[in-house]
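**Student:** I have a structure I would like to understand better, so I am pasting it below and will then ask my questions one at a time.
The values are calculated or read from the model by the stated rules, or taken from the named source; none is laboratory data. Model, not experiment: these values are computed from the prediction. Quick reminder, even Gly has a Cβ in these numbers, built from the backbone with ideal geometry, and neighbours come from all protein chains shown. Surface areas here come from the heavy atoms of the whole protein model, side chains and all, with no ligands, DNA or RNA. Shrake-Rupley method; radii C 1.70, N 1.55, O 1.52, S 1.80 Å.
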Amino acid sequence: MPQTLTEGTRAGAVDAPPAPDSKRRWLILAIIGIAQLMVVLDATIVNIALPSAQTDLGFSDGNRQWIVTAYSLAFASLLLLGGRIADLFGRKPAFLVGVAGFAAASVLGGASTSFGMLVTARALQGVFGALLAPAALSLLNTTFTDAKERAKAFSVYGAIAGAGGAVGLLLGGVLTDALDWRWTLFVNLVFAVVAFAGGWVLLNNHRDAANSKLDLPGTLLVSSGLFSLVYGFSNAETHDWSSPATWGFLAAGGVLLTAFTWWQTRAKHPLLPMRVLLDRDRAASFITVLITGAGMFGVFLFLTYYLQLNLGFSPTKTGVAFLPMMAALMVMAQVSTTMLVPRIGPKAVIPAGFAIAAVGMAWLTGIGLDSSFSTDVLPQLLLIGAGLGIVMPPAMSLATSGIAPEDAGVASATVNTMQQVGGSIGTALLNTLAASAATSYLSGKDATNKLVQAQSTIESYTTAFWWSAGFFVAGALIAFLLYRRGKLEQDADAAPVVHM
């Protein structure tokens, strides 16, 4: 039976301004896409530049992780607050302040003269990214209400979200090789100027939750809970899992998030209303985004190591190597959102995408010291890209489809939070498992032998790939069990929600 996703649509349409015309809607999509690309690629563009930044600023290997962690901690812990601010005070000001603040923090980072200055800039990027990302997604959700146009728009947005990490690797490599590591941060100014100017001209402001108030206890609970969770997983990379710095923060995060959930059922103006989470298809989509974020880490990080350290690729060539995967992801993003899900429904399509990505990851475990990129890496990347293109864009669309307009910002923030937390979980687990595999391989062997050392790195990569494949298999099973049968259709009688 077709499903109807109309929650909040009639109520939200009262006194709504007219929808932007078709040309303006697609211009808005372009602006949103540029802003989203700036946020997503920043998660990886700096990674390639880290060795150069470390040499220039003179910080230790132990401190290097904080350049990445400072961003992810601020971003993940403040996303829900950023989404609610967009609902309460308007998406246009949230979008513009987010873009401008992100650009200013990027310039500060590029001009850094010390380790502390760079870490501060990265944390500020995370703060403003937490305001920008949910505002951008909620703008997309409320701009495109026609089913066909919405599918096309989310296929573009989902492709950016999925391929942004690879774009970051490519752009980071090119800028580091051709110019300087500082340009991996300065380049954000180019994106920001275009996004800010376009947003200023094209967007109109509307406060869908203007009559609500900010849930301060809920904000404190969820922000501290997400901070503890991400910090605990980050510590797992440098500490043992038995260290209080790891399990202590993970336990604290679990307690705080449990308390947050309890409070949301009692708060008069909840930060994250339970109606956002309790829809079955939406919950399935949130979990899908979480698992995808965890599994994708194995592709980008460990394959980057393999290409550079084992196959001898330069940073630029490494980025170029990911282009076929990005192309496959973008093509299948269009196919899945505009053709497959509307005709078949997510219960069949999304598990199939996970299964394709899992096969690609499992196939990638066949790499060796003498492997060829064209035969042992490229076909697998195409499969993984195709699978992720089938999964990510429709999951992001379904996670915000049918949402009440006053909840659009916080629902969009939940999508970003799931992706960020999933990436943190994947980072910690796969790094730990990979390191254990390398240590286990070296046991009883001559660890000074360079060939043995090289083979131990291969063992670490393939272990990470197997676990990533396992994440995708789990995602296929969970998506199949949770998504309802049938295709998703909007109620033709429901008034569209357009608050631009």
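**Student:** Name the residues in segment 105-125 that are open to solvent by less than 10 Å² (accessible area, probe 1.4 Å) and within 13 Å of VAL46 (Cα to Cα), would you?
**Tutor:** Result: SER106, GLY109, GLY110, LEU118, ALA121, ARG122, GLN125.
**Student:** Output the qualifying pairs, or none if there are none: Cβ atoms under 7 angstrom, residues six or more apart or on different chains, first residue in segment 285-314 and closer than 14 Å to SER371 by Cα, second residue at pLDDT 80 or above and assigned to a loop (DSSP other than H, G, I, E, B).
**Tutor:** Short answer, once both residue conditions are applied: TYR306/ILE367; LEU307/PHE313; ASN310/LEU369.
**Student:** Applying the selection to segment 317-360, what residues are polar (S, T, N, Q) and more than 30 Å from ASP146 (Cα to Cα)?
**Tutor:** THR318
**Student:** Of the residues in segment 280-318, how many are open to solvent by 10 Å² or more (accessible area, probe 1.4 Å) and hydroxyl-bearing (Ser, Thr, Tyr)?
**Tutor:** Number of matching residues: 4.
**Student:** Which one of THR427, THR337 is crowded, with 22+ Cβ neighbours inside 10 Å, in a helix (DSSP H, G or I) and in contact with a Pro (Cβ under 9 Å, 6 or more places away or on another chain)?
**Tutor:** None of the others qualify; the one that does is THR337.
**Student:** Starting from segment 114-132, take each residue that is among the basic types (Lys, Arg) and list its partners that are surrounded by fewer than 24 Cβ atoms within 10 Å (Cβ to Cβ), counting only C-beta distances under 6 angstrom and pairs at least six apart or across chains.
**Tutor:** ARG122/ILE67; ARG122/ALA70
**Student:** Give me a count of the residues in segment 262-279 that are open to solvent by 30 Å² or more (accessible area, probe 1.4 Å) and either under 14 Å from LEU216 (Cα atoms) or part of a loop (DSSP other than H, G, I, E, B) (or both).
**Tutor:** Count: 6.
**Student:** Name the residue, out of SER456, SER374, SER397, that is free of Cβ contacts under 8 Å to residues at least 12 places away in the same chain, more than 20 Å from THR44 (Cα to Cα), among the hydroxyl-bearing types (Ser, Thr, Tyr) and assigned to a helix (DSSP H, G or I).
**Tutor:** SER374
**Student:** Kindly check whether there is at least one residue in segment 434-442 that is open to solvent by less than 20 Å² (accessible area, probe 1.4 Å) and touching a residue at least 60 places away in the same chain (Cβ under 8 Å).
**Tutor:** Yes.
**Student:** It is to be established whether one or more residues within segment 172-188 are surrounded by 24 or more Cβ atoms within 10 Å (Cβ to Cβ), among the aliphatic types (A, V, I, L, M) and at pLDDT below 80.
**Tutor:** no
**Student:** Which pairs do you get when a residue that is surrounded by fewer than 24 Cβ atoms within 10 Å (Cβ to Cβ) and of a type in the set (Lys, Arg), found in segment 135-152, comes within reach of a residue that is modelled with pLDDT of 75 or more and not in a loop (DSSP other than H, G, I, E, B), reach meaning Cβ atoms under 6 angstrom, with the pair 6+ apart or on two chains?
**Tutor:** Close Cβ pairs satisfying both conditions: LYS152/THR338.
**Student:** May I pose another question? Among the residues of segment 357-367 satisfying the criterion of being more than 20 Å from the chain's Cα centre (by Cα) and in a helix (DSSP H, G or I), which is nearest to ILE384 (Cα to Cα)?
**Tutor:** GLY360
**Student:** Could you look through segment 340-367, keep only residues that are among the aliphatic types (A, V, I, L, M) and more than 18 Å from MET396 (Cα to Cα), and pick out the one that is most open to solvent (accessible area, probe 1.4 Å)?
**Tutor:** For segment 340-367, the residue satisfying everything is VAL359.
**Student:** Now for a different question. Restricting attention to segment 81-88, does a residue exist that is at pLDDT 90 or above, over 22 Å from LEU169 (Cα atoms) and open to solvent by 10 Å² or more (accessible area, probe 1.4 Å)?
**Tutor:** Looking through segment 81-88, none of the residues is at pLDDT 90 or above, over 22 Å from LEU169 (Cα atoms) and open to solvent by 10 Å² or more (accessible area, probe 1.4 Å).
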